[in-house]
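Worksheet: one structure, shown below.
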């Protein structure tokens, strides 16, 4: 393993000096993430309640995750589970592997935890969970030079137990490295705050712990920030890493980076960490940045397949005025003729439904935040609207 590790470090050294530039194929795939999918995933995650490691809700969430990967087309050979105990209860990490074309034995890890401790944890960390799922869906059949592992950790809230177990029993066995990692990209708490929308995201760099991997972490985090600027509307804030699932990897010398919301919502570890309090649009935008960066880290092909040339034109929809009083207008692409519009409150209750109408009467709706979804036969888009009279 020593020779392969040396080869990996040399490969990374030469790779890091290459200039980053915009790649249209990466943007096309980024555009395949949809607000409707993100919103639905956040709502589904919320529906499983408090996901304390080893609880029934935690296990149900794991099964939901597995079913999603099955729906995306990942086969049983790509899905593994890593079992461990927390306070005497069995829980599992879920690992999905997509094999690289050039460096199949060198892995890019994108990870986040799915356990919670007080509330349903829609920001901490249903947000990261949803983004990882969308990344896995979109990149399922996209060739990448490096292998990718999509990992959902449990036991994070009890002290990084799941990621520690994975690092010390899978990445390493009896102290001997089994997996060579290019970078660990962690996404934790990127739900934002509905009452205070943000256009910024923290890009986290390891500047503590071991010193031998600090410089490379900073390099990858600078690349993460560049990808964020290239493929999303978010602006970046450079920050240091903190106590999340990348820490056990860093302690073994691996290179880490990550995303974290800014400003911090302060809803984590409380009953207020619900779907009603996160900003689905913010999660959607962080997802764009993450999918752009993951393609960069794993070196995705720049060639577009036939089915990648299609674009969800509904994503360009404009809804105004916002905030609104007595009406909302929709400005749709010219090619959209037949469509359905639904407005739901933040609990998911349907409050208005229309077909083929571009001006909606909202005079009967009380002040508050709503989700406006537009659907055609094969496209959908969702936007947040505010009613304020």
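At 4 °C and 1.567 mPa s, grab the translational diffusion coefficient of segment 26-176 from Stokes-Einstein with a Kirkwood Rh over Cα pairs, rounded to a whole number in µm² per second.
This corresponds to a translational diffusion coefficient of 82 µm²/s.
Packing-wise, with mean Cβ within 10 Å as the measure, how do 350-359, 267-276, 120-129 rank, highest first? Present the calculation step by step, with values, prior to reporting the outcome.
Values: 350-359: 12.3, 267-276: 18.3, 120-129: 29.1.
In descending order of packing, they fall as 120-129, 267-276, 350-359.
Provide the gained length on full extension for the span residue 67 to residue 351, in nm with one decimal, where the gain is 0.36 nm per separating residue minus the Cα-Cα distance.
99.2 nm
Which residues among segment 341-373 fall inside the zone where the amide N is under 19 Å from a point 7 Å beyond the Cα of residue 326, along Cα→Cβ?
358-368
Once the Cβ-Cβ distance between residue 207 and residue 335 is put in as r, and R0 is 56 Å, what FRET efficiency do you end up with, to the nearest 0.05?
0.70
Determine the gain in length on full extension of the stretch residue 56-residue 313; use 0.36 nm per residue of separation and subtract their C-alpha separation, reporting nm with one decimal.
88.5 nm
Separation of segment 181-248 and segment 317-389 by C-alpha centroid, Å?
34 Å
When a/c reaches 1.5 or more, the comparison of a/b and b/c decides; with that in mind, is segment 312-387 rounded, prolate or oblate per its Cα gyration tensor?
The shape class here is prolate.
Antiparallel versus total DSSP beta bridges in the chain: what percent is that, nearest 5?
Percent antiparallel among DSSP bridges in the chain is about 65.
Please say if segment 119-160 is rounded, prolate or oblate, where rounded means a/c under 1.5 for a ≥ b ≥ c the square roots of the C-alpha gyration tensor eigenvalues, and otherwise the choice is prolate for a/b larger than b/c and oblate otherwise?
In terms of gyration-tensor shape, oblate.
Can you compute the modelled spin-label distance between residue 174 and residue 264, with each label point 7 Å from Cα toward Cβ, in nm?
4.2 nm
Using a basic spin-label model with each label point 7 Å from the Cα along Cα→Cβ, how many nm lie between residue 89 and residue 76?
2.8 nm
Run through all the Cα pairs of segment 156-289 and give the fraction in each 10 Å bin from 0, expressed as whole percent.
For segment 156-289, the binned pair fractions read 13, 38, 33, 14, 1 percent.
May I ask you to give the average projected area over all directions of the convex hull of the Cα atoms of segment 199-250, in nm² rounded to one decimal?
Directional mean of the projected Cα hull area for segment 199-250 stands at 3.6 nm².
At q = 0.12, 0.26 Å⁻¹, what log₁₀ I(q)/I(0) does a Debye calculation on the Cα points of segment 233-300 give, no solvent, two decimals?
The computed values of log10 I(q)/I(0) come out as -0.43, -1.28.
Rg to Rh for segment 237-350: what is it, with Cα atoms only and Rh by Kirkwood?
1.05
Can you pull the one-decimal nm distance between simple spin-label points at residue 105 and residue 361, each 7 Å off the Cα toward Cβ?
So the label points at residue 105 and residue 361 sit 7.0 nm apart.
Each reported figure results from applying straightforward, stated rules to the coordinates on display, with no laboratory input. Only a predicted model underlies this, so the values are computations on that prediction, with no experimental measurement involved. Don't worry about glycine lacking a Cβ; one is built from the backbone with ideal geometry, like all the others, and counts go over all protein chains shown.
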